[in-house]
1. Counting other beta carbons within 10 Å of each Cβ, put Cys118, Cys85, Cys132 in order, fewest first.
2. Return P(r) of segment 15-96 (all Cα-Cα pairs; 10 Å bins starting at 0; whole %; ordered from short to long distances).
3. For Ser103 and Thr47, FRET efficiency with R0 = 45 Å and r from the beta-carbon atoms, rounded to 0.05?
4. Given the peptides 135-143, 37-45, arrange them by the average over their residues of other C-beta atoms within 10 Å, most packed first.
5. Rank Thr96, Val144, Cys85 by how far each Cα sits towards the positive end of the charge dipole of the chain (+1 on Lys, Arg Cβ; -1 on Asp, Glu Cβ) and give me just the farthest.
6. From the convex hull of the Cα coordinates of the chain, what is the mean projected area in square nanometres?
7. Run the dipole for segment 25-170 about the Cα centre, Lys and Arg Cβ at +1, Asp and Glu Cβ at -1, nothing else charged, and hand back the magnitude in debye, nearest 20.
8. Return the whole-Å distance between the Cα centroid of segment 139-170 and the Cα centroid of segment 37-57.
Amino acid sequence: MSDIKKSERKESKLEVIHNAYAIRKAVTKIAENNFYISESKIEKMITEKIKMFPEDDQERVKERTRQYFRHQLNRVTNRTLDFACGISEHLRIANTIFPTYMSEFEERRLEMDRAMACCNALQDELQYAGECLYADLNKYMSIVLDIQKEFNMIKSLRQTDNRFLKNIKK
């Protein structure tokens, strides 16, 4: 563990952690608004799709397709919220590790890697929602840019962590 007493440590003012919470709040807001999915586009697609089925089956296919979109919306909501939470969670864990041994340094770095992985996965889920669920991607632009900024800040934080290496005990 760290040679610095807990009472002597300063609270972290890391922008990267505050930005992670802002991303989490923004993703929550997007989820509350059903990812800005266009109901009219979905209905138009369903109307086109059911034309190729006999009239007897059209209502069943229509309901099945609506059910599919509801399921996908639930799945995307859960995954995006999990990834957004994961960014701040892994950063918080990493920030509590003050490495004095190489194993602690490696664990801190792994947690930052996990936070970066959550950033990438969150962007992928938002892209999926836009392309496959007919969401308005324009509503996502600011959050996608924030996620990319967060990813880059975590990368920079990892590089500055090399300062710990000179004090690592063998």
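Each value in this text was obtained by applying a stated rule to the coordinates, not by laboratory testing. Predicted model only: the values in this text are computed from it and were never measured. No Cβ is skipped: glycine too gets one built from the backbone with ideal geometry, and neighbour counts run over all protein chains shown.
1. Details: Cys118 26, Cys85 16, Cys132 11.
Lowest count first: Cys132, Cys85, Cys118.
2. The distribution over segment 15-96 is 16, 33, 22, 16, 10, 4, 0, given as percents.
3. Numbers: r = 60 Å, r/R0 = 1.32.
That gives a FRET efficiency of 0.15.
4. Numbers: 135-143: 15.3, 37-45: 13.2.
Answer by packing, highest mean first, reads 135-143, 37-45.
5. Thr96
6. On the way: hull surface 47.4 nm².
Seen from a random direction, the Cα hull of the chain projects 11.9 nm² on average.
7. On the way: 25 positive and 23 negative charges, 133 e Å.
The calculated dipole for segment 25-170 is roughly 640 debye.
8. Value for the Cα centre distance between the two parts: 45 Å.
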